[in-house]
Structure formats: C-alpha cells, structure tokens
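What follows is a set of notes on a single structure, which appears directly below.
The values are calculated or read from the model by the stated rules, or taken from the named source; none is laboratory data. All values reported here derive from a predicted model rather than from experimental measurement. Don't worry about glycine lacking a Cβ; one is built from the backbone with ideal geometry, like all the others, and counts go over all protein chains shown. Accessible surface is based on the protein model in full, side chains and every heavy atom, while ligands, DNA and RNA are left aside. Shrake-Rupley method; radii C 1.70, N 1.55, O 1.52, S 1.80 Å.
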Amino acid sequence: MTTNKPSVLVTRELPKAVEERLTRDFDARLNADDKIYSSEELIELAAGVTAIIPCHTEKLSAEVIQQLPDTVKAICSFSVGYDHIDLEAAKARNIIVTNTPDVLNDATAEIAMLLLLGAARRAYEGEHQIRTDSWADWGATFQLGKQVTGKKLGILGMGRVGQIMARRARGFDMEIHYFNRKRLAPELELGAIYHDSVEALLPHCEFLSIHCPATPETHHLINAERIALLPDNSVVINTARGAVVDDDALISALKSGKLFSAGLDVFNNEPNIDPRYKELNNTFLLPHIGSATEETRDQMGFRALDNLDAIVAGLEPKDRLA
C-alpha cells in the first residue's frame, strides 16, 4: 500500500505517544525490537526516506552521512547532544540537522543532584552493605561521607542544565561558582561567582558538576593537570558527556585519594565503560539516565517531531544545528 506521507526512519524504539504521532503523520519505519543498527544497516534502511530520527547511540559520522541516500533531507535527533552527528558533513549534503534542547533540563539536573548527594554520602557503599548483609551495626565513625550543605559547588558550563543545577544546589545553601564561555547576566547569575577560565574555577570546587557539551575543544577537558587544581577530597559529577573526562586521570585521582568520590551518568565508550570504575567503592554510577523520565522522553520526541513538521512544511525548524 502506497502513501503520500513522508517516509521517516526511526532508529530506536521511542515512547508510545511519540510513535503514535509518528505513525499518524508519517510513513514511519519503526524499530520494534529496539536493535542498535550498524552503520551499514542504517544506510540501507534509509533508502527512500525523507528524514532520520536517530538517538545518541547512532554515530552519524562523515563517512555514514556521505553514503546516505539522496532522498534524506533531515536528521532530527532525539537528543540534546549532537556530538554523534558530523554537522559539516550534513551541511555539505544540504541535510538539515536538529536536536531537542530545553525539554530535558530539569530531569538532567535532578540526576546531577542525585549523583552529587550519592557520591558525597557514599550511597553505593551503603546500599551494597545492605544488599550483601555486610552491615554489622551503627558506629560513630561508620560510613562517614561529605556534608553537602554550605559547601562550594563549581559548575562547568552554565547553560540551561547548569543554571537549574545551581538553583537546586542553593536549596542546600551551597555557594555557586561557575565557568562559562560567556558570563551570565546578573538576573541569571543570581549571585553565582564567575571565573574567567576553567583553571580559575577549579580551586574553588569542593564539588564540581560538569555540564558542558562534548566538542573537540572540551575533549578530555578534565585531565590530570586540571584535576590537580581541585581541592583535595573534592567530588566530581558528570551528566554531560563522557568525552569531557580523561578516564585514566579521574580513576587515578579516585584511587590515590586526591578525590573523595565521583558520581557519573555518562562515560566514554558507552555501554562498554572502563571496567576500573566498577572496581572502585568511591564511585556512584548510573547508566546514562539523565533524561529518563516519562515526561521528558515524551517531550523530546515531540520536539523532534515539531522540527520535522517544520522541515516538511518548508519552514525553518526551531532547533536547527545545520
């Protein structure tokens, strides 16, 4: 049966409400098995489609984009990050690229705060003792963590999520320090202390929360040299991208005691993360669930479809990247 609806390749299983809208408005090629497609499979499945809706799990490199069928006019990513898409290659082929900003800010900031509290109060170790029946008894020096209230929080990247993280942290009377490419206006700073470089920020960070995008400039931004600038016994939180952190440097600092702990929701080479993280008791680890609420995932899907609707109608999409 033929249809006049534009054909769309959807690379992963999406929330039910999003897929219902997709099938209503488009000739949607869904992924019912939620299989992660190889590059070769993705190129083959894209035959004849007008658009692709990928997630961050699909690596749309220059090589992949160059091999996409000529029918592909848009890549509407189900993500706010776009380091998995080669924007220059897309531009060279006149393929419009969009993402889904704004809608996942609250959910990601919630996970960042969960990681901060979990890493500070040794949540993994405590839960492990409960589950393994190794909790002996209460003790005055048992399971001592770091108190969060009143401490200094450094935010690396004071964008949408970073600003919400700052608001949440103020509920714990934390003193907010930050570095951003541009200083915020006073009404957005809300008393946060600006530093004009990463190096100037780090000595003030009893807690460091990373919220900058993964770009060539931020690759391994948190390395051995910069970790050395943090106060001893500090805590590192990452809900941005794994590529911002040098795993060797972070693991070494966790092992040596330079850092008290780390709370991580994102990693290099997900899901095949560096196994050394799992061997450390002073890590609080989550499987990239920053945006994983029902409300947020629906909103991400609808945002991607809003962009696609605009493109199909010949209008400028709200979240155009390329």
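In terms of modelled amide H atoms, which long-range or inter-chain residues lie less than 5 Å from the amide H of Ile193?
Placed amide hydrogens put Ile176, His177, Tyr178 under 5 Å from Ile193.
Charges on Cβ only, +1 for Lys and Arg, -1 for Asp and Glu, centred on the Cα centroid of the chain; of Ile96, Leu9, Tyr194, which one is farthest towards the dipole's positive end?
Tyr194
Please give the FRET efficiency for Glu88 paired with Asn223, using the beta carbon to beta carbon distance and R0 = 30 Å, rounded to the nearest 0.05.
About 0.70, to the nearest 0.05.
Mind listing the long-range amide H neighbours of Ser234? Cut-off is under 5 Å, sequence gap 5 or more, other chains count too, H placed in the peptide plane at 1.01 Å from N.
Under 5 Å from the amide H of Ser234: Phe260.
Scan region 13-50 for trypsin sites (Lys or Arg not before Pro) in coil per DSSP, keeping those whose Cβ has at most 14 other Cβ atoms within 10 Å, and list them by number.
Values: sites: Lys16, Arg21, Arg24, Arg29, Lys35; in loops: Lys35.
Passing both the DSSP loop test and the Cβ count: Lys35.
Average the reciprocal distances over every distinct pair of alpha-carbons in region 189-322, invert the result, and give the Kirkwood radius in Å.
Numbers: mean 1/r = 0.0592 Å⁻¹.
Its Kirkwood hydrodynamic radius stands at 16.9 Å.
Listed highest first by mean packing, meaning other Cβ atoms within 10 Å per residue, what order do 220-228, 144-152, 235-243 come in? All intermediate terms of the calculation are to be shown ahead of the outcome.
On the way: 220-228: 16.3, 144-152: 14.3, 235-243: 25.0.
Top of the packing list down: 235-243, 220-228, 144-152.
Go through region 52-68 residue by residue and turn each phi into a ³J(HN,Hα) via Karplus (6.51, -1.76, 1.60, θ = phi - 60°); whole Hz please, and just put x for glycine and proline.
Each residue's phi maps through the Karplus curve to give 10, 10, x, 10, 5, 6, 9, 9, 8, 6, 4, 5, 5, 4, 5, 9, 5 Hz.
Can you give me the solvent accessible area of Ser38 with a 1.4 Å probe, rounded to the nearest 10 Å²?
Only protein atoms counted, so the area is about 50 Å².
If all Cα-Cα distances of region 164-258 are sorted into 10 Å bins from 0 onward, what percent lands in each bin, rounded to whole numbers?
With a bin width of 10 Å, the distribution comes to 15, 49, 31, 5, 0.
What are the ³J(HN,Hα) couplings of region 229-236, residue after residue, when phi is run through the Karplus curve with 6.51, -1.76, 1.60 and θ = phi - 60°? Round to Hz, x for glycine and proline.
My calculation for region 229-236 gives 7, 6, x, 4, 6, 8, 10, 10 Hz in order.
Checking the table Lys16/Lys73; Lys91/Lys318; Lys5/Lys73; Lys16/Lys91; Lys5/Lys35 against a 20 Å threshold on Cα-Cα, which pairs fail?
Values: Lys16/Lys73 25 Å; Lys91/Lys318 17 Å; Lys5/Lys73 15 Å; Lys16/Lys91 32 Å; Lys5/Lys35 25 Å.
Violating the 20 Å Cα-Cα cut-off are Lys16/Lys73; Lys16/Lys91; Lys5/Lys35.
Let me know the Rg and Dmax you get for the chain when you use only its Cα atoms, in Å.
Over the chain's Cα set, Rg and Dmax evaluate to 21.5, 72 Å.
Would you grab the residues whose amide H sits under 5 Å from the one on Phe284? Only those 5+ places off in sequence or on another chain, please, with H modelled 1.01 Å from N.
Ala262, Gly263, Leu264
Please report the antiparallel percentage of DSSP beta bridges with both residues in the chain, rounded to the nearest 5. If you can, show how the numbers build up before the last one.
Values: 1 of 37 bridges.
Roughly 5 percent of the beta bridges in the chain run antiparallel, per DSSP.
Mean projection of the alpha-carbon convex hull of region 1-108 over all orientations, in nm²?
Working: hull surface 28.8 nm².
So the mean shadow area of the Cα hull is 7.2 nm².
Return the carbon/sulfur percentage of the accessible area of region 1-109, one whole number, probe 1.4 Å, all protein chains in place. Before the final figure, lay out each step's value.
Values: 2490 of 5190 Å².
Here carbon and sulfur together make up 48 percent of the probe-accessible area.
For region 17-70, which GluC sites (Glu not before Pro) are in a loop by DSSP, counting at most 15 other Cβ atoms within 10 Å?
Numbers: sites: Glu19, Glu20, Glu40, Glu41, Glu44, Glu58, Glu63; in loops: Glu58.
Taking region 17-70 and a limit of 15 other Cβ atoms within 10 Å, no loop GluC sites (Glu not before Pro) are found.
What does the charge dipole of region 257-319 about its Cα centre add up to, to the nearest 20 debye, if the Cβ of each Lys and Arg holds +1 and the Cβ of each Asp and Glu holds -1? Walk me through the numbers before you get to the answer.
Working: 6 positive and 11 negative charges, 84 e Å.
Taking the Cα centre of region 257-319 as origin, the dipole is about 400 debye.
Where the only charges are on Cβ atoms (+1 Lys, Arg; -1 Asp, Glu), what is the dipole of region 210-301 about its Cα centre, to the nearest 20 debye? Walk me through the numbers before you get to the answer.
Numbers: 7 positive and 13 negative charges, 49 e Å.
For this selection, approximately 240 debye.
Averaged per residue, what accessible area in Å² does region 30-120 show with a 1.4 Å probe, protein chains only? Present the calculation step by step, with values, prior to reporting the outcome.
Values: 3730 Å² over 91 residues.
Accessible area per residue, region 30-120: 41 Å².
Pairs Lys59/Lys258; Lys152/Lys278; Lys152/Lys182: which are spaced more than 24 Å apart, C-alpha to C-alpha? Intermediate values should be presented prior to the final figure.
Values: Lys59/Lys258 35 Å; Lys152/Lys278 27 Å; Lys152/Lys182 21 Å.
Over 24 Å Cα-Cα: Lys59/Lys258; Lys152/Lys278.
For region 164-219, give the percent of accessible area contributed by carbon and sulfur heavy atoms, probe 1.4 Å, rounded to a whole number.
Taking all protein chains in place, region 164-219 shows 54 percent carbon and sulfur surface.
Along Cα→Cβ, 7 Å out, is where each label goes; now give me the distance between the ones at Asp137 and Ala32 in nm to one decimal.
Distance between label points: 6.0 nm.
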